[in-house]
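**Q** Structure below; questions to follow.
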Amino acid sequence: MSQQKKVLVVDDEKVLLELLLSKMKQAGFAAVGARDGDEGLQKALDEHPDLILLDIIMPKMDGITMLKKLREDAWGKTAPVIMLSNLNTAEAVEKSLENGAYDYLVKVDYSLDDLVAIVKKKLGA
């Protein structure tokens with residue numbers, strides 16, 4: 001890979017955030033993290049990551065709101081976003097997908113290796 005693909009991980013759970021960042025780096029991605037939707041949106045618009053892993057339930061700004069705001073930006077309209085949440089409701093899935101999320105993954109249903117494989121597939125890495 002000549003230039004590392006960048007993955008932005010937005011999650012308020014500190015341990016999980018560090019675990020995901022570490023796993024993405026091990027898989028050969030440049031990984032940056034944010035602890036809430038406000039910070040996540042700012043980093044997404046500043047750094048234009050190749051893919052965003054986005055939690056839903058977070059302080060300051062939740063993931064659905066961040067996704068909506070991201071879609072208002074010219075670059076953000078097409079940024080690949082995978083929702084990654086413990087929230088397993090039809091409403092959350094529907095809202096995520098109608099706002100252009102590439103996929104919706106329930107954290108407990110996927111291992112870190114599964115997640116890396118999904119990210120690699122989406123990025124063609």
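The values are calculated or read from the model by the stated rules, or taken from the named source; none is laboratory data. Remember, predicted model here, so these are calculated numbers, not experimental data. Heads up, the Cβs are rebuilt from the backbone with ideal geometry, glycines too, and the neighbour counts pull from every protein chain shown. Heads up: the accessible areas ignore ligands, DNA and RNA and are worked out on the full protein's heavy atoms, side chains in. Shrake-Rupley method; radii C 1.70, N 1.55, O 1.52, S 1.80 Å.
**Q** Restricting to region 1-17, and then to whatever is assigned to a helix (DSSP H, G or I) and open to solvent by 100 Å² or more (accessible area, probe 1.4 Å), can you tell me which residue is farthest from SER111 (Cα to Cα)?
**A** Looking at the filtered set, the residue picked out is LYS14.
**Q** Another question, if that's okay. Any residue in region 54-68 that is closer than 27 Å to GLN3 by Cα and outside any helix (DSSP H, G or I)?
**A** Among the residues of region 54-68, at least one is closer than 27 Å to GLN3 by Cα and outside any helix (DSSP H, G or I), which makes the answer yes.
**Q** When only residues in region 93-106 that are closer than 15 Å to GLY37 by Cβ and assigned to a loop (DSSP other than H, G, I, E, B) count, which is most open to solvent (accessible area, probe 1.4 Å)? Explain how you work it out, then say what you get.
**A** Let us first name the residues in region 93-106 that are closer than 15 Å to GLY37 by Cβ, namely 95-96, 99, 101.
Those left that are additionally assigned to a loop (DSSP other than H, G, I, E, B): 99, 101.
On the way: ASN99: 33, ALA101: 13 Å².
Applying the filter and picking the extreme gives ASN99.
**Q** What's the total number of residues in region 73-92 that are under 14 Å from the mean Cα position of the chain (by Cα) and open to solvent by less than 50 Å² (accessible area, probe 1.4 Å)? Reasoning before the result, please.
**A** Step one: list which residues in region 73-92 are under 14 Å from the mean Cα position of the chain (by Cα), which gives 76, 78-86.
Filter again for open to solvent by less than 50 Å² (accessible area, probe 1.4 Å), leaving 76, 79-85.
Summing the residues that are under 14 Å from the mean Cα position of the chain (by Cα) and open to solvent by less than 50 Å² (accessible area, probe 1.4 Å) in region 73-92 gives 8.
**Q** Evaluate the following for LYS122: is it closer than 17 Å to GLN4 by Cα, without any contact (Cβ under 8 Å) to a residue 24 or more places away in the chain and either touching a Phe, Trp or Tyr at 6+ places or on another chain (Cβ under 9 Å) or of a type in the set (D, E, K, R) (or both)?
**A** On the way: closer than 17 Å to GLN4 by Cα: yes; without any contact (Cβ under 8 Å) to a residue 24 or more places away in the chain: no; either touching a Phe, Trp or Tyr at 6+ places or on another chain (Cβ under 9 Å) or of a type in the set (D, E, K, R) (or both): yes.
It is false that LYS122 is closer than 17 Å to GLN4 by Cα, without any contact (Cβ under 8 Å) to a residue 24 or more places away in the chain and either touching a Phe, Trp or Tyr at 6+ places or on another chain (Cβ under 9 Å) or of a type in the set (D, E, K, R) (or both).
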